[in-house]
Amino acid sequence: MTKNQKTLSVLFILLFMTNSNKRVLKKGFKKLQLKTVERSCLILRKNIDRKTISLQMYVNQSLIQYSRDEDLFLDIQQMTDEEYEQFLKNKDNNIVNVESFKDDGDTSRFVFIIYSGGKSNHKTMQQEELIKILTNNPNITKYFEPFLGGFGSVYNSLSVLLKYGVKDIFLSDTNNSLVNCYRQVQRNPKIVQKWLASIDIEYFRLYGKYYPDTKDESKEWFEEIHRRFTELEKSKKMNPKRAAYFMYLNSNTQGGMLNFNMKTKLNKMHHSFCSKKVKRVPLLINKVEIFHKIFNMGNIKFSVCRYETVLKKVNNDTNSLVLLDPPYVKYEEEKTSDNILSCSYNYGINNFNHRQLLTKMKNSQCHFMYYNNHNPYIEEFSQKHSYKYIKKDVIYRNGKEGKKSVEIFMVKDNSKVTSNIVNNVDFFKEEVQKVS
Ligand SMILES: C[S@@+](CC[C@H](N)C(=O)[O-])C[C@H]1O[C@@H](n2cnc3c(N)ncnc32)[C@H](O)[C@@H]1O
């Protein structure tokens, strides 16, 4: 694999596609961004009581705040205040901002939402294994991820899949608010952006500032948004407002930890105060802009579904590749119950049955890749069936103290099922964070 392939990323492809003729500022852009946003703030204040217009202005202002497009700033500098006001009101400005975000390695990550167990740390390893499978099996035409979570592992795969012509990508999770969020950003990004803007604009109308300053203020606002979000979940409405609130709550929660109740289908998130995070609505608006483009690459379909249904569908399909990233088994646990029911973090979904999943994988005709914590039972299983078993030392940093663990990546490539236990401890030794 060449160096270029190693750093191949979705954003790079995007950049070439949408931005090849843009002049990107390398230096001095922060000053320009600040000056331009200060100017738009004054215009926005005059329009703050105009419901729809103020939201559109806030969306545009947020995109400008992160842009590094030299021509955009030159254009705005030459505008009169009236012209700039018209520009801010326009919903079709196409303010491209991909260059502002880094995405060029295993450590430099750009994530859509913060998610416990996100796999953006394993990009290089996952891409290498994926390339091997796709090279060995040119018949593969479909890709499935039934434990979608924070899109981290899909993100790792996406550029490689598209390069190898695998366009039909089926992504699912049992958490309906999570899936709604992806779907809305894929289909209705502008409305999601406006609902995000409404969070800060409403706060401004109430308190004369765009976001809370203190922990108490922030908690109170978080709980208000959570209350509205729960009402939407109860109403079962899959809409852009619910997606925007989900993104806001996720962004103000410790490590993106959520608790999803399988019975009630409700998510519970806990407030965590960070003076930077409360100011992140403009960043979230930018994420919607970028990930809308990413979610429309290839034929990506998002659905609410249990993994069992997906595996049933692909059971006899030799043209499918499935990446499985279930809730993790507890690393420390050497002796587990027969079904390995324990999870280090279960997303509120109790008693995930790991043995059942492994059995289904074994009986299936499709190819698969599988993440988990290292566990003696799983290693034994991989040896027995000649699946590749890659170990990777990691340090979880969810809080101050680092905690050692070993994560594994298991691969079943039907064209090449040979006994292949790889211990990559030295090669991969690195510190990574538990959360993406
Ligand atoms: C480890 S996370 C996936 C992380 C993801 N690969 C990433 O990189 O961000 C596991 C996900 O599985 C989902 N899940 C748990 N049990 C499930 C089930 N029975 N069917 C489908 N999804 C399930 C959870 O909601 C959670 O989002």
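The values are calculated or read from the model by the stated rules, or taken from the named source; none is laboratory data. On a predicted model such as this, the values are computed, not experimentally measured, just so you know. Note that each Cβ is placed from the backbone with ideal geometry, even for glycine, and that neighbours are counted across all protein chains shown.
Count, please, the residues in the range 14-42 that happen to be surrounded by fewer than 17 Cβ atoms within 10 Å (Cβ to Cβ), modelled with pLDDT under 85 and assigned to a helix (DSSP H, G or I).
Counting residues in the range 14-42 that are surrounded by fewer than 17 Cβ atoms within 10 Å (Cβ to Cβ), modelled with pLDDT under 85 and assigned to a helix (DSSP H, G or I) gives 4.
Does at least one position in the range 186-199 carry a residue that is part of a helix (DSSP H, G or I) and within 15 Å of the chain's Cα centre (by Cα)?
Checking the range 186-199: at least one residue is part of a helix (DSSP H, G or I) and within 15 Å of the chain's Cα centre (by Cα).
Hey, any hits in the range 380-394 for a residue that's under 21 Å from Ser157 (Cβ atoms), aromatic (Phe, Trp, Tyr) and buried (at least 16 other Cβ atoms within 10 Å of the Cβ)?
yes
For Lys268, state whether it is of a type in the set (Lys, Arg) and in contact with a strand residue (DSSP E or B) (Cβ under 6 Å, 6 or more places away or on another chain).
yes
Give me the residue from the range 66-84 that is surrounded by 13 or more Cβ atoms within 10 Å (Cβ to Cβ) and farther than 14 Å from Glu99 by Cβ and, out of that set, farthest from the chain's Cα centre (by Cα).
Met79
Conditions first: (1) buried (at least 21 other Cβ atoms within 10 Å of the Cβ); (2) modelled with pLDDT under 90; (3) away from the ligand (no atom under 16 Å from the Cβ); (4) not aromatic (Phe, Trp, Tyr). Asp104 passes all but one, so which condition is the exception?
Failing condition for Asp104: (1).
Mind checking which residues of the range 379-424 are of a type in the set (A, V, I, L, M, F, W, C) and modelled with pLDDT of 90 or more?
Correct list: Phe381, Ile390, Ile408, Phe409, Met410, Val411.
Need pairs with beta-carbon distance below 6 Å; first residue touching a residue at least 24 places away in the same chain (Cβ under 8 Å) and within 18 Å of Phe151 (Cα to Cα) and within the range 250-273, second within 14 Å of the ligand (Cβ to nearest atom) and of a type in the set (D, E, K, R); sequence gap 6+ or separate chains.
As it stands, the answer is Asn259/Lys268, since those pairs meet every condition given.
Tally up the residues in the range 247-271 that are surrounded by 17 or more Cβ atoms within 10 Å (Cβ to Cβ) and in a loop (DSSP other than H, G, I, E, B), please.
1
Of the numbered conditions (1) part of a helix (DSSP H, G or I); (2) closer than 15 Å to Ile201 by Cβ; (3) touching a residue at least 24 places away in the same chain (Cβ under 8 Å), Arg45 satisfies every one except a single condition; which is it?
Evaluating Arg45 over (1) part of a helix (DSSP H, G or I); (2) closer than 15 Å to Ile201 by Cβ; (3) touching a residue at least 24 places away in the same chain (Cβ under 8 Å) leaves (3) as the failure.
So Ile290 passes all but one of these: (1) closer than 22 Å to Ser153 by Cα; (2) within 15 Å of the ligand (Cβ to nearest atom). Which condition number does it fail?
Checking Ile290 against (1) closer than 22 Å to Ser153 by Cα; (2) within 15 Å of the ligand (Cβ to nearest atom), the one that fails is (2).
Considering every residue within the range 168-184, establish whether at least one is away from the ligand (no atom under 16 Å from the Cβ), more than 16 Å from the chain's Cα centre (by Cα) and touching a residue at least 40 places away in the same chain (Cβ under 8 Å). Show your work before the answer.
Initially, the range 168-184 is screened for residues away from the ligand (no atom under 16 Å from the Cβ), giving 168, 184.
Okay, now just the ones that are also more than 16 Å from the chain's Cα centre (by Cα), so 168.
Right, trim to touching a residue at least 40 places away in the same chain (Cβ under 8 Å) and you get 168.
Yes, that holds for at least one residue.
What's the number of the only condition in (1) outside any strand (DSSP E or B); (2) of a type in the set (Gly, Ala, Ser); (3) in contact with a Leu (Cβ under 7 Å, 6 or more places away or on another chain) that Gly150 fails to meet?
(3)
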